[in-house]
Structures are given as structure tokens and as C-alpha cells.
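These notes concern the structure reproduced below.
The values are calculated or read from the model by the stated rules, or taken from the named source; none is laboratory data. This structure is a prediction, so every number in the text was calculated from the model and none was measured. Ideal geometry is used to build each Cβ from the backbone, glycine not excepted, and the neighbour counts take in all protein chains shown. Calculation scope for accessible area: heavy atoms of the full protein, side chains included, ligands and nucleic acids excluded. Shrake-Rupley method; radii C 1.70, N 1.55, O 1.52, S 1.80 Å.
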Amino acid sequence: MKDLMGLINLHESDDLLRELTRCRPLAVIPFAGRYRLIDFILSDLINSGITNVGILSAGNSRSLMDHIRSGKEWDLARKRDGLFMLPSLHADSVQGAFPSDLADFFSNLDYIKSSRQRYVILAGSRLVCNINFEAVYRFHLEKKADITVLYKEYGEAGARCLTNATMIETNDDGRVVDMEIWPVNPRSNKLSMEMYLLDRQLLIDLIDAGMSRGGTNVARDCFIKNLANLRMYGFPFTGYLARIHSIGSYYNHSMELLNPEVWQELFFAHGSIYTKVKDEAPVKYQQDASVRRSLVANGSVIAGKVENSILFRGVKVHKDAQVINSIIMQKGEIGPGAVLKNVICDKDVKITAGKKLKGELNHPIVIEKGTVI
């Protein structure tokens, strides 16, 4: 695996998550009590033995830089290889509806050219899973593929969650014969995980050719337009996959983590998931506290009732307050007697005494960062 490098592309559509991405990139949305979305792909790469990782940023990346820092939590603070932040040409712009990432790949081509590894794992951050890329690498070599794309096959029920997805179709040999970006009516049930393995020099050639022909998007202008010329194969992924593309999917996948089997697979199937370390005291449960089927991170103080919920670090739930089917992010405070049901509170939200907020399971209320109600 020393012959592989990682390239994380943060040009991802966040139109359906604007309540949570207005002040941060999609990659650093808090998830699972103490993690950020980007922690999962970074940990997957490190657990696979990949030690050269570039992050292609998009838009405002201050909170991303604050979270990643030197990369030491992922063992990427190294003298040789390690973590590389690749700036966007449009650092002040807001992420658009359709990712225009090709120009930023082109402007950072020197980093890709100077890397020592022969192969590249290209991935985003919104597909959350625990995967070891060694099997993908072996598959790529056995098939003598130009590009290997990872996909997850869904049944009829899962097909409801494929908004703004990239779909692929494969033949009996596993070769990709069609690829669609954001189809309204997908003709396939194979969801592209937007993770690709390909030769580093091939990626350089495709980026160069795509730019010279006026292209704007890597998947569309480099991969799809060359589908007939390239040996592209699909690698089926059968583990747990959370695709965070809307408020509804964020809420539903968060609630799935209350299932111990999902939690165990996502965090331990192929190695641990790492995140930024913060030293805080354990959770303090006061005399009247009642907590059932919930994740509660350290630094929290619970005096009220918490049920089917996820509480991040440093959350306070005062006496007689109720938090049900809700997500409370860092340093949230739920005042005495307040009642929250089916609510997502972003970081630093304060709900004052006696307030009652109720959303629906299929349409939770989102309280934006720093709001006081």
C-alpha cells in the first residue's frame, strides 16, 4: 500500500445542507457525538497504510484548518509525505450547486506530479464508511483496470435516498458501461461512492486534457467523457455506508448510530476512526438525570431527560428539560423545563427555560449555530 496516495476532494454539493454549512464546509459538519465527516475518510486512508494525503479545499476553509491542524491525530504530521492542504482558486466563493473542481485540480497539479506513489485514491468526505482500500487495490491490479470506482448497490427502499447522486451501471464482468451524475430518474441502483483508484500519471493526463477542452468537473469531463476509451471497473462495497447529502439524510444516519451493530461496524470494522483530541471531564449525570438509548460525549452535564438522542461535547441539559429524538452539538445548553423533540441544534445553541420545540421525524427542525431561543 506504500504505492498509493490519497486525494480528498472537498468540492461537494451542499445545497440541501445549508442550515449546517452556512458557516463551515460540508467536510467538517459534526457527526456521531465528537467526529467531523472528514475524519472517516482520513482514518480509512491511514488504516489502509496510506501516508501521503492531499486535501483539495473549496470555499471558506478556516474551520477545516482548525480541525485538521498538522494532521497529527491521523499520524500525518511527518517529515516525508504526510498531510498537504491544497488551496482553491476561489477561496472566498460559496460552493455552487454543481461542483466545478477541475480548475482547482489543475492549479495543484504540481503536488500530484511530485508525489512518489504510482496510484491515487480519489475520494470526497460526504460518503461515510469504514473501509480498507487494500482489497480495492488488489481488485484494480487483477482487472488491469485504468480506473476502479467503488459503488454500493441499493434495493428498492434505498433508491429513495439517491438525490444528487452519481450512479453507475456495470456489465457481467464488472466493467462500467454507463455513468450518470445527478439523474432525476436513475436507470441503475448502483450508487457511485465517488471514490476512484487510478494511476497517478493517468489522472494528470485526464486533468490536462479536460482543462484544455474547456471542462469544469473531473467526474463528468475526465471520467465520463472517456468511458469508452478507459477500462473502468466497479468495485462493490457491501458494508455500512452513510451518504450525507441533505438534512434528512444527516438526521437519519445520525439516528442509525444508536443501533449498536451500526456503531460497531462504522467505528471498528477495519480500524478505529480518529478525530481532533480534546481533554474534557467525563459526563456528569446529576441526581434527577434520566438517559435512555443515547450517545452522550464527554464534558456534558445532564440533569434532565435524554432519550434517543445524540449529545456532543460540553452540552448542558438542565433539570426538568427533555431532549427526545434530537441532536445537540457542542456546547449546546437546554434550559430548565425546555422540551425538544425531533430537533437539530447546531454548535453553541441556547434554548432558554420553558421553551418547547417540536419537529417531525421526517422533517426535523434545525437551529443554526449560536442561536438563542
Next on the checklist: Classify the range 21-173 from the C-alpha gyration tensor, please: rounded if a/c falls under 1.5, else prolate or oblate depending on whether a/b exceeds b/c.
Outcome noted: rounded
Next on the checklist: Please enumerate, by chain and number, the lysines with C-alpha under 29 Å from the C-alpha of K190, excluding those fewer than 8 residues away in the same chain.
Outcome noted: K143, K144, K152, K225
Checklist entry - Using alpha-carbon positions, what is the distance between the centroids of the range 262-329 and the range 96-140, in Å? => result 33 Å
Item to check | Dipole of the chain, positive end: most advanced residue of G299, C23, G239 [Cβ charges, Cα centre] | outcome: G299
Checklist entry - How many angstrom lie between the C-alpha centres of the range 168-211 and the range 1-22? => result 17 Å
Item to check | Diffusion constant of the range 19-67 at 4 °C, which comes from Stokes-Einstein with the Kirkwood Cα-pair radius and 1.567 mPa s, µm²/s | outcome: 110 µm²/s
Checklist entry - With the Cα gyration tensor of the range 148-225 giving a ≥ b ≥ c as the square roots of its eigenvalues, does the rule (a/c under 1.5 for rounded; else a/b larger than b/c for prolate; else oblate) give rounded, prolate or oblate? => result prolate
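When N is the residue count of the range 165-290, what does its C-alpha Rg come to as a fraction of 2.2 N^0.38 Å?
Relative to the 2.2 N^0.38 Å estimate, the range 165-290 comes out at 1.48.
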Checklist entry - Ordered by packing density, taken as the mean number of other Cβ atoms within 10 Å over each peptide's residues, highest first, how do 60-73, 298-311 rank? => result 298-311, 60-73
Next on the checklist: Just to be sure I understand the model, the point goes 7 Å from the Cα along the line to the Cβ. What's the resulting R175 to R231 distance in nm?
Outcome noted: 0.9 nm
Checklist entry - Out of every Cα pair in the range 243-367, what percent are spaced more than 24 Å from each other? => result 25 percent
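Would you mind getting me the FRET efficiency between K284 and E360? Use the beta-carbon distance for r and R0 = 45 Å, nearest 0.05. Please report the intermediate quantities before stating the final value.
Values: r = 32 Å, r/R0 = 0.71.
Computed FRET efficiency for K284 and E360: 0.90.
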Checklist entry - Tell me, what % of the accessible area of the range 138-279 is carbon and sulfur with a 1.4 angstrom probe? => result 48 percent
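Output the peptides 3-13, 99-109 sorted from most to least packed, where packing is the average of other Cβ atoms within 10 Å over each peptide's residues. Working shown, then result.
Working: 3-13: 22.1, 99-109: 19.8.
Highest-to-lowest ranking by the protection proxy: 3-13, 99-109.
Could you sort out which of K319/K356; K316/K341; K276/K331; K72/K331 sit more than 19 Å apart by Cα distance in this structure?
Details: K319/K356 15 Å; K316/K341 16 Å; K276/K331 16 Å; K72/K331 25 Å.
Pairs exceeding the cut-off: K72/K331.
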Checklist entry - Taking amide H positions as placed 1.01 Å from N in the peptide plane, with prolines and chain starts having none, which residues 5 or more places from D178, or on another chain, fall under 5 Å of its amide H? => result E169
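From the Cα trace of the chain, what convex hull volume per residue do you get, rounded to a whole Å³? Write out the running numbers ahead of the final one.
Numbers: hull volume 47.8 nm³, N = 373.
With only Cα atoms used, the chain gives 128 Å³ per residue.
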Checklist outcome for this item: A convex hull over the alpha carbons of the range 286-358 yields, per residue, a volume in Å³ of 58 Å³
